[in-house]
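The values are calculated or read from the model by the stated rules, or taken from the named source; none is laboratory data. Please read these numbers as outputs of a predicted model, since none were measured by experiment. Neighbour counts run over all protein chains shown; Cβ positions are idealised from the backbone, glycine included.
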Amino acid sequence: MIGHLAIPDGPITRSDLLLGRVVPTTSATLIRRSAALGAGGFDETFERAAGVEDLDLWFRLAAVGPCVGAAAVCATYVVHEGRDRARSRAELAALERDRERVVARLADVPAPLARRATAVMRARTARYWLLAGQARPARRAAAASLRAAPTPEGLVTFAATWVPPPARELARRARRTARARSVRR
């Protein structure tokens, strides 16, 4: 899938990032080197070489200073669904552990926001499991999302874990087609 993420012009709050309302793209982000280093830089201790180190850094950066968005399209993001679909159970389990480490670091965030951020992160983890055709671990992650905080994303993801794979595939294709049409406009 090729697409453009909508980033609003103006201030972006830490809540916007934690709740997934804004998803920064590392390839289209400008940051002062001193700010990145001051926030600790990318954490290289995650199990997966690519997965959550960027989100972890953005969450930490937003905690110490302002973030500003620009709606101008600066990059085209390519999602390699084949890669996501081919992830092994071990890779997905490592990614899930890494994502849990990120939410565990939200100790300085007010409890209601931390619960919602955890719920969003777990729902998105469940979607990775679903993409790889692993409904049972996806259901477990989606249920954990709902236990953290009931969110629309968690509810939809949990429901999707019960949909038969052929129907999920039809829905995925319909979403991709709709996104492709919106990008062309």
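Exactly one residue out of ALA94, ALA86, ALA63, ALA49 is over 19 Å from ASP9 (Cα atoms), surrounded by fewer than 16 Cβ atoms within 10 Å (Cβ to Cβ) and modelled with pLDDT of 90 or more, and it is ALA63.
Considering (1) free of Cβ contacts under 8 Å to residues at least 60 places away in the same chain; (2) part of a loop (DSSP other than H, G, I, E, B); (3) more than 24 Å from ALA144 (Cβ to Cβ), the lone condition that ALA35 does not fulfil carries the number (2).
Residue check: VAL64 meets all listed conditions (1) more than 26 Å from ARG179 (Cβ to Cβ); (2) touching a Leu at 6+ places or on another chain (Cβ under 6 Å) but one, namely (2). Does PHE46 qualify as being within 16 Å of the chain's Cα centre (by Cα), within 19 Å of ARG124 (Cβ to Cβ) and part of a helix (DSSP H, G or I)? For PHE46, the condition - within 16 Å of the chain's Cα centre (by Cα), within 19 Å of ARG124 (Cβ to Cβ) and part of a helix (DSSP H, G or I) - is not met.
Among the residues of the range 1-25, write down those that are over 28 Å from ALA174 (Cβ atoms) and surrounded by 15 or more Cβ atoms within 10 Å (Cβ to Cβ). So that I can check it myself, show each step before the final result.
First pass over the range 1-25, keeping only residues over 28 Å from ALA174 (Cβ atoms): 9-15, 17-18.
Answer for the range 1-25, where residues must be over 28 Å from ALA174 (Cβ atoms) and surrounded by 15 or more Cβ atoms within 10 Å (Cβ to Cβ): ILE12, ARG14, SER15, LEU17, LEU18.
The conditions of being under 18 Å from the mean Cα position of the chain (by Cα), among the acidic types (Asp, Glu), in a helix (DSSP H, G or I) and at pLDDT below 85 are not met by ASP54.
Residues of the range 70-80 being under 13 Å from the mean Cα position of the chain (by Cα) and either more than 22 Å from ARG176 (Cα to Cα) or part of a helix (DSSP H, G or I) (or both), which ones? Give the derivation first.
Step one: filter the range 70-80 for residues under 13 Å from the mean Cα position of the chain (by Cα), giving 79.
Listed by number, the list is empty, since nothing qualifies.
Listed conditions (1) over 22 Å from VAL64 (Cβ atoms); (2) among the aliphatic types (A, V, I, L, M); (3) crowded, with 19+ Cβ neighbours inside 10 Å are all met by LEU106, apart from (1).
Okay, residues lined up against (1) under 24 Å from THR151 (Cβ atoms); (2) at pLDDT below 90; (3) in a loop (DSSP other than H, G, I, E, B):
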| residue | (1), (2), (3) |
| --- | --- |
| ALA6 | yes, yes, yes |
| PRO24 | yes, yes, yes |
| SER27 | no, yes, no |
| GLY41 | no, no, yes |
| VAL68 | no, no, no |
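Among the residues of this structure, ARG127 counts as one that is more than 26 Å from ALA39 (Cβ to Cβ), modelled with pLDDT under 95 and surrounded by 15 or more Cβ atoms within 10 Å (Cβ to Cβ). Please determine, by comparing only the residues of the range 77-97 that are touching a helix residue (DSSP H, G or I) at 6+ places or on another chain (Cβ under 9 Å) and in contact (Cβ under 8 Å) with a residue 60 or more places away in the chain, which one is farthest from ARG139 (Cα to Cα). Once the filter is applied, the top-ranked residue is TYR77.
For the range 43-78, a residue qualifies if it is closer than 10 Å to VAL102 by Cβ and among the small types (Gly, Ala, Ser), and exactly one does: GLY51.
Screening ALA160 on (1) under 22 Å from SER88 (Cβ atoms); (2) touching a Ser or Thr at 6+ places or on another chain (Cβ under 9 Å); (3) free of Cβ contacts under 8 Å to residues at least 40 places away in the same chain shows it passes everything except condition (2).
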